[in-house]
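J.: Got a structure here, written out as structure tokens. Questions coming.
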Amino acid sequence: MRHRTPRTPRRNFLRASGVGLALPLLNAFLPRSAAAIEESIPQRLVCICTSLGLHTPFLFPEQAGRDYEPTPYLKLLEEHRGELTVFNGISHPDQSGSDGHSSGMTWLTAARHPGLPGFRNTVSIDQWIAGRIGLETRFPSLQLSTDGSSQSISTSGIMIPGEQSPSKMFAKLFLDGSADEQQSQMQKLREGRSIMDTVFDEAKQFERRVGKEDKLKLAEYYQSVREMEQRLVTAEAWIHKPKPQVDVQQPQDIKERNDLIGQMQLLFELIPLALQTDSTRLITVMVQGRNDVPPVPGVTIDHHNLSHHGQDAEKIRQLRLIEEAQIQSLEKLIADMKRKTEGDRRLLDNTAMVFGSNLGNANAHDTKNLPVLLAGGRFRHGQHLMLDRENNTPLSNLFVQIAQQMGQPLESFGSSTSASVDGLATI
Amino acid sequence: MSWKKVSAIFPLCVIGVSVAARSLLAAEISGDVKVFLEKHCLECHGAESKQGGLDLSASSVDLSDRATYLRWVRIHDRMQSGEMPPKDSQRPEAEEIKPVLEWLSQTLNADELQRREKNGRSVVRRMNRAEFENTLRDLLDVPWIEVQELLPEDGRADGYTKTAAALDISPVLLAKYGEAIDKALNAAVAKWSVPPEVERHTLYANQQYDYKVLMSGGDAIMLTPEMKYDESRFPMPSASNADGNYPEGKWQFGGKYKGLGEAEKDGVFKEGLTVGMTRTFGESFGGRFNFAPVHPGRYQIGVSAWSYWWDQGEVKPSPRSGSVGVYCGSRLLGFVDAPSLKPTYSELNVEIEPTEENHLRAAGTSFLDAHVYFSQGQIKAYSGAGVAIDKLVVTGPLYDEWPPTSHRRLFGNLPIVPFEKLPPNAPQPARPTTFRQARGAFNGPGRLVPGATVSDDPAGDARRLLATFLPRAFRRPVTDVEVQRYAAIADARGKEGASFEDALLESCRTALLSPDFLFLNEPIGTLDGYALASRLSYLLWNSCPDDALLAAAMTGTLNDPNGLRGAAERLLGDPKADRFYQDFPDQWLDLRDFDLTSPDKQLYPEFQPYLEDAMRCEPREFFKFAVRNRLPASQLLSTPINIVSQRLAEHYGIPGVEGTRFRRVDVDQTTNTRGGFLTMAAVCKVTANGTTTSPVKRGAWVMKKILGQPPQAPPPDVAAIEPDVKGATTIREQLARHREDTSCAGCHAHFDPPGFALESYDVIGGWREFYRATEGKKTPDFARIFRSYLTPEEEFKNHVNFSDGQPVDAGGELVDGRKFTVLREYQALLNSETPVFSRNLTNQLVVYATGAPVSFTDRPAVEEILKRAGGTNPNLNELLHQVIQSPLFLSK
């Protein structure tokens, strides 16, 4: 937000461009980050949040540094030890909010006191970056989700809904519709633009009849109409370009709504595909634990209840089974990201992957000492980075460091106090 | 002016200015105020001690910032109530405080009034998603349409989704609203030139696949019309003939048939008969009937059912009346009665929107967690409660006229011409798939004649139809120019080759995305009739005005107090007012968070869908009763009147209530504290976390929601108490440590007591004397806890796995020293707070009704409402009317 490159005013652009717009022309109008021009290989960010937390006694090792003894969860990731950093003592400040889970909406924004009176969410880190590089790909960013929510928050502070269906997302990414479908899609887009044109004019009429603060509210509406137009124009341009082909079948959605692990695995499988085809460079994944029993062998109690284990040994045992299954999915994803290469680098090297939760201790809805792992993205990994568990390092510091590593001129974000996390070196 | 005035006296920390450098003491403050603050406040609320988190020397004075404004209001209020400066300090004289209060009050008022001059009290807002859905339903007459799920959740501000601050607009939201509008418009259009055939079917339970499987598996039996089990006609599978073990050691399909197919071939199910089951929903039993509605619309569904006690082959009277849940897919249509040995036919009239999985389903409701009532394939050896279903009778879709009203709202009386009769080159409307057939349902769409609405004079008809549609959509008269603008869209689409139907829909779609539809627009100052009509209908119906209300706006009736009262009465008497009776308590008391937590199944096995639904309906039924019967406000907190159904009465320990219908039952208040919102199961649930209750959370809820005195958020670094359900410690013991800390004690002394008083109610609102615990040796008196699940011999035979933990102590002491030992005594003490409660209730109604917070400046208006409504304990109906008649409601 603070480094906005001046752009051609969108409205003029729309008026001038007409319909059959070709891509190169479109690109000429876009701000391009310095890094993207220098680097031919795109830089990406993937953020995965498991919103019912992780039982951190099973995650955080006792020893700080490189020679830590792996804990139950880290044992599952031992294969990738050298590609992984475990942060201990990192969080967003002032996350007490309207209820125990409201920090779910601020995990990528760092806005303070979510949900309390006067609260207004701010842009999430992925959307800030998408605002700069988003239009270079077919999809500025992707939101994957097991329940339809996401942590991606627009510049106006609104949550962007997540896609729950892996098969729909696959179709969106890789399947070209028939000529008829494309034609009708074009038609719909054109209609959409004509509607937006009309309502924009209607809003002008409407504005004449309202007060001063009302006008500010209406400005949100204008802004939205304009962004809609812009998206429609971009979408039209992309329709003419065939979608990338991948050598993978369209996945079948899992019907059992309680099968959290199965759903997250299917969503995870889309990540390397979407990144390698450069369909997008920013992905957030919301893994929302549910109020029912996931089909994990040995689990008989619903997930949310387990997270409020009340120190009950049996509940903690079952919780561990679910969380281990989640970590195993992550393990598979990291392995996939290592296997795929571009040029002489692995896909993982060009992708910063953040995995963690907005809750440090879900049993007490505590938002300090969050479980956070970082893989890839050309950082010097391999350690358990022990930070101050009393005075936590702002998670925003990590966001700034990642953005900079992606070539984005971001100096501060959210509640950041520094442009890097002490002890985390880049390559 | 105000801003300058404040900052002249507190030239301290305005945003961005270095705060530490200057303090209140160093600043030039003239007159009494400075002297007062220095003398009485700064010692505790200065830069060093910052008690209660308040540092006056670093406090912002930018009153345009909401939080700052509220902080100063709070300071004013604390001083006015005499709470500050505190008792143990040197108290200033009354005449010393007075000018300070006056000055503060003037300053706060001046700022607010200045703001209002330019914009009014409220800010223009869009509809929230419930209003949006209701408005589409009512405007287009498609009452079955469900679009809320498509839309992102609304924010909340001041507790409600009714104010501009809560209702953002984003491109995503706009796109989603667009999808919802498309869906609703598509649903409104009639696609057939003649109405779809009405399906009429009698579906006997024993002929439904799911039930056959249940019977052959030994968890249900066929019953004769004499309500008997006749082994010779309907042999039970051998799997269930065993007294204990299965015949060959494992479950297998049994009886004299090898499989279901063989039994069918032999004609076992040929005659339509009753099925008595011991399983309920959720136990691998879907209860599907082989019919799935294909067309949206009104359906009549009749169910004949009864209950019994199954005793190893014999049908006996049931100790309690049962009930049947009726669903379409996963959507609950309703619960119907199944009295003991008395086949009872009930009818449900429902609006159905077909979805992918939408078989009609019916089965007995369960009382305890599923496995308990499971006869495990051995029904011969089983004794337990059962529900019998005779049949389900379905009729629909039912239309009062064709084309249906929804279609007429858009296309008036234009004819729908069959496709085959259209001229060869005439454009046909592009329509999304119009129906989906559920797998396994025997019914099809029936004979259909697809057709399109045609016009001989597209330009003229578009103008004529839009001139009727737009005023309804925009809730105000429209000008010819406006009609012209929207008609031009249809003209253009028509020229491009679209059908008339598609072209006109394009105009409508555009209108519904425009701010005139999405925003509730109100002129600054006194509202005109139309803006008033919308305020009224969005208050009482959560939706747009109907034609009668718009007519009242046009004639000026609404501008007359009697006319307005009459209109409000009419709206309150309409079934659509249920939306208000549901939504207001939902928002006010946070009851919409009902589903956020699920009770631990081991500890609360009785939390089943039927009970859950009853808990969800009770606040609406109670509030509706209270408003319609003009109960005094204080009865919302404590009353002998309960509005309950059988299941809820059982949950509450109220005897003698039979059936699913909600009705009034008065309890003896000396022995039963149940009655009013405080003891309502839904309230107990939303103030608990699902597994445990916390007096802190409940107490804070009472302070905030009931008394309107929200406690301050805990200091940032206090760790929350970790719940413990093993039963070793009570929450009271854990809290005691917390309260020993003096910095915590000050606030906790205010809000813990009401929480303690409510400790007698568990996380689902059941009465308890002991906490339920997962570990521990003390066996609870199950027969007492689960009175409704006893056998005819009054024994409790089910397996329930929890223990008695620590005993509950519901005593406490209010901050003023008054003590109580049980909830009843606390309620008596709370009674003296009735004026505070009434005022808060009025405030809540005002926020909800006007879409703006009640500010400092609105206080006299609120007092006036209370006065006119009858004082400190007004009757609820009159209070509502006085809110509507107040200047706060009548002007923006």
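Only the coordinates and a few stated rules stand behind these numbers; no lab work does. Predicted model only: the values in this text are computed from it and were never measured. FYI the Cβ positions are ideal-geometry reconstructions off the backbone, even for glycines, and counts take in every protein chain you see.
J.: List the residues, sorted by chain then number, that are 5 or more residues from B:K391 or on another chain and whose placed amide H is less than 5 Å from its amide H.
T.: Result for B:K391 returns B:A205, B:S304.
J.: Kirkwood hydrodynamic radius of region B:286-424 from all distinct Cα pairs, in Å?
T.: 17.6 Å
J.: Something else: Report the calculated FRET efficiency for B:A459 and B:K601 (r = Cβ-Cβ distance, R0 = 56 Å), to the nearest 0.05.
T.: 0.30
J.: Right, here's the next one. What number, in percent, do you get for the relative contact order of chain B if the mean sequence gap of Cα pairs under 8 Å and at least 6 apart is divided by its residue count?
T.: Relative contact order for chain B comes out at 11 percent.
J.: Using every pair of alpha-carbon atoms in region B:850-892, split the distances into 5 Å bins beginning at 0 and state the percent of pairs per bin, rounded to integers.
T.: Calculated over all Cα pairs of region B:850-892, the distribution is 6, 25, 33, 23, 12, 1 percent.
J.: I'm a student and want to see the number: the projected area of the Cα convex hull of region B:492-573, averaged over all directions, in nm². Before the final figure, lay out the partial values.
T.: Working: hull surface 28.0 nm².
If I average the Cα hull's projected area over directions, I get 7.0 nm².
J.: While we're looking at this one, here's another question. List B:D752, B:D266 from most exposed to least, where exposure is judged by having the fewest other Cβ atoms within 10 Å.
T.: Least to most surrounded, the residues fall as B:D266, B:D752.
J.: If you average over every viewing direction, what projected area does the convex hull of the Cα atoms of chain A give, in nm²?
T.: 21.8 nm²
J.: In Å, what Kirkwood hydrodynamic radius results for region B:549-639 from the alpha-carbon pair distances?
T.: Numbers: mean 1/r = 0.0632 Å⁻¹.
The Cα-based Kirkwood calculation yields 15.8 Å.
J.: With viscosity set to 0.890 mPa s at 25 °C, what whole-number translational diffusion coefficient in µm²/s follows for region B:101-161 from Stokes-Einstein and a Kirkwood radius over Cα pairs?
T.: 166 µm²/s
J.: Further question on the same structure: What base-10 log of the normalised intensity I(q)/I(0) is obtained for region B:788-892 from the Debye formula, alpha carbons as equal point scatterers, at q = 0.11, 0.21, 0.25 Å⁻¹?
T.: Here log10 of I(q) over I(0) equals -0.59, -1.03, -1.23.
J.: Give the Debye-formula value of log10 I(q)/I(0) at each listed q (0.17 Å⁻¹), with one equal scatterer per alpha carbon of region B:387-528, two decimals each.
T.: Debye output, listed in q order: -1.03.
J.: Taking region B:739-828 on its own, what percent of its Cα-Cα pair distances exceed 20 Å?
T.: 50 percent
J.: Ratio of Rg to Rh for region A:372-427, alpha carbon only, Kirkwood? Working shown, then result.
T.: On the way: Rg = 11.0 Å, Rh = 11.7 Å.
Taking Rh as the inverse mean 1/r over Cα pairs, Rg/Rh reads 0.94.
J.: Rounded to the nearest 20 debye, what is the charge dipole size of region B:486-579 about its Cα centre when +1 sits on each Lys and Arg Cβ and -1 on each Asp and Glu Cβ?
T.: Dipole magnitude for region B:486-579 comes out near 200 debye.
J.: Next up: Where nothing but the Cβ of Lys and Arg (+1) and of Asp and Glu (-1) is charged, how large is the charge dipole of region A:210-296 around its Cα centre, in debye to the nearest 20? All intermediate terms of the calculation are to be shown ahead of the outcome.
T.: Details: 11 positive and 13 negative charges, 54 e Å.
Computed charge dipole of region A:210-296: roughly 260 debye.
J.: I would also like to ask the following. Test of understanding: ordering B:S645, A:S412, B:S499 by Cβ neighbours within 10 Å, fewest first, what list do you get?
T.: Final ranking by Cβ density, sparse to dense: A:S412, B:S499, B:S645.
J.: Just name one of B:P807, B:P523, B:L448: the one whose Cα is farthest towards the positive end of the charge dipole of chain B (beta-carbon charges, Lys/Arg +1, Asp/Glu -1).
T.: Of the candidates, B:L448 comes out farthest on the positive side.
J.: Trypsin sites (Lys or Arg not before Pro), restricted to region A:67-141: which are DSSP loop and have at most 15 other Cβ atoms within 10 Å? Numbers along the way, then the final one.
T.: Values: sites: A:K75, A:R81, A:R112, A:R120, A:R132, A:R138; in loops: A:R112, A:R120, A:R138.
Of the trypsin sites (Lys or Arg not before Pro), the ones in loops of region A:67-141 whose Cβ has at most 15 other Cβ atoms within 10 Å are A:R120.
J.: Same structure again: Within 10 Å of each Cβ in A:186-195, how many Cβ atoms from other chains are there, averaged over the peptide?
T.: Taking the mean over all residues of the peptide, I get 3.
J.: Something else now. Quick one: length gained pulling B:R331 to B:F594 fully straight, 0.36 nm per residue minus the C-alpha distance?
T.: Stretched out fully, the B:R331 to B:F594 stretch lengthens by 92.9 nm.
J.: How long, wide and thick is chain B, going by the Cα atoms along their three principal axes, in whole angstroms, largest first?
T.: 102, 83, 48
J.: Enumerate the aspartates and glutamates that B:K704 could reach by cross-link, defined here as Cα to Cα under 13 Å, with residues fewer than 8 away along the same chain left out.
T.: Result set, ordered by chain and number: B:D158, B:D590, B:D752.
J.: For region A:130-193, what is the Kirkwood estimate of the hydrodynamic radius, computed as the reciprocal of the mean inverse distance between distinct Cα atoms, to one decimal in Å? Working shown, then result.
T.: Numbers: mean 1/r = 0.0729 Å⁻¹.
Answer for region A:130-193: a Kirkwood hydrodynamic radius of 13.7 Å.
J.: To the nearest 0.05, what FRET efficiency results for B:L398 and B:E769 with a Förster distance of 60 Å applied to their C-beta separation? Present the calculation step by step, with values, prior to reporting the outcome.
T.: Details: r = 52 Å, r/R0 = 0.86.
In this case the efficiency is close to 0.70.
J.: Here's another thing I want to ask about it. Extending each Cα 7 Å along its Cβ direction at B:D65 and B:E864, get the distance between those two points in nm, one decimal.
T.: Once both label points are built, they end up 3.3 nm from each other.
J.: Continuing with this model, one more query. So which trypsin sites (Lys or Arg not before Pro) in region A:342-417 end up in coil per DSSP with only 12 or fewer other C-beta atoms within 10 Å?
T.: When the trypsin sites (Lys or Arg not before Pro) of region A:342-417 are filtered for loop state and at most 12 Cβ neighbours within 10 Å, A:R380 remain.
J.: What is the calculated FRET efficiency for B:E95 to B:E43, with r their C-beta to C-beta distance and R₀ = 25 Å, to the nearest 0.05?
T.: With R0 = 25 Å, the Cβ-Cβ based efficiency is 0.70.
J.: In the structure displayed, which of B:K87/B:K819; B:K118/B:K705; B:K39/B:K819; B:K39/B:K87; A:K217/A:K241 lie more than 26 Å apart, Cα to Cα?
T.: B:K118/B:K705; B:K39/B:K819; A:K217/A:K241
J.: Given 20 °C and 1.002 mPa s, how large is the Stokes-Einstein diffusion coefficient of the protein assembly as shown in µm²/s, with Rh as the Kirkwood radius over Cα pairs?
T.: Values: Rh = 34.1 Å.
For the chosen part, D equals 63 µm²/s.
J.: Explain nothing, just the number: relative contact order of chain A, from Cα pairs under 8 Å at least 6 residues apart, as a whole percent.
T.: About 30 percent, as a whole number.
J.: Here is a follow-up. Could you tell me the extents of region A:170-258's C-alpha atoms along the three principal axes, largest first, rounded to whole Å?
T.: So the extents along the principal axes, rounded to whole Å, are 56, 38, 17.
J.: Moving on to the next point. Below 12 Å, Cα to Cα, which aspartates and glutamates can A:K340 reach? Residues fewer than 8 away in the same chain don't count.
T.: Leaving aside aspartates and glutamates fewer than 8 places away in the same chain, those within reach of A:K340 are A:D349.
J.: If you split all Cα-Cα distances of region A:265-390 into 5 Å bins from zero, what percentages do you get per bin, shortest first?
T.: Per 5 Å bin, starting at zero, the Cα-Cα P(r) for region A:265-390 comes out as 2, 9, 17, 19, 17, 15, 12, 7, 3, 1, 0 percent.
J.: Here's something else I'd like to know. Debye calculation, C-alpha points only, no solvent: report log10 I(q)/I(0) for region B:573-723 at q = 0.16, 0.19, 0.21 Å⁻¹, in the same order as the q values.
T.: With no solvent term, the Cα-only Debye profile gives -0.95, -1.31, -1.53.
J.: Where in chain A are the DSSP H helices whose alpha-carbon span along the long axis reaches 15 Å or more and whose Kyte-Doolittle mean is at least 0.5?
T.: Helices meeting the criterion: A:260-276, A:395-405.
J.: Using 21 Å as the Cα-Cα cut-off, could you pick out the over-long pairs in B:K34/B:K98; A:K168/A:K243; B:K265/B:K316; A:K255/B:K183; A:K75/A:K368?
T.: B:K265/B:K316; A:K255/B:K183; A:K75/A:K368
J.: Using only the alpha-carbon atoms of region A:225-287, report the extent along each of the three principal axes, biggest first, to the nearest angstrom.
T.: Ordered largest first, region A:225-287 gives principal extents of 39, 31, 20 Å.
J.: Further question: With each label point set 7 Å from Cα along the Cα-Cβ vector, what nm distance links B:F796 and B:T555?
T.: In this crude spin-label approximation the distance works out to 6.2 nm.
J.: Taking the Cα centre of the protein assembly as shown as origin and charging only Cβ (+1 Lys, Arg; -1 Asp, Glu), how large is the dipole, in debye to the nearest 20? Walk me through the numbers before you get to the answer.
T.: Numbers: 149 positive and 166 negative charges, 425 e Å.
Once rounded to the nearest 20, the dipole reads 2040 debye.
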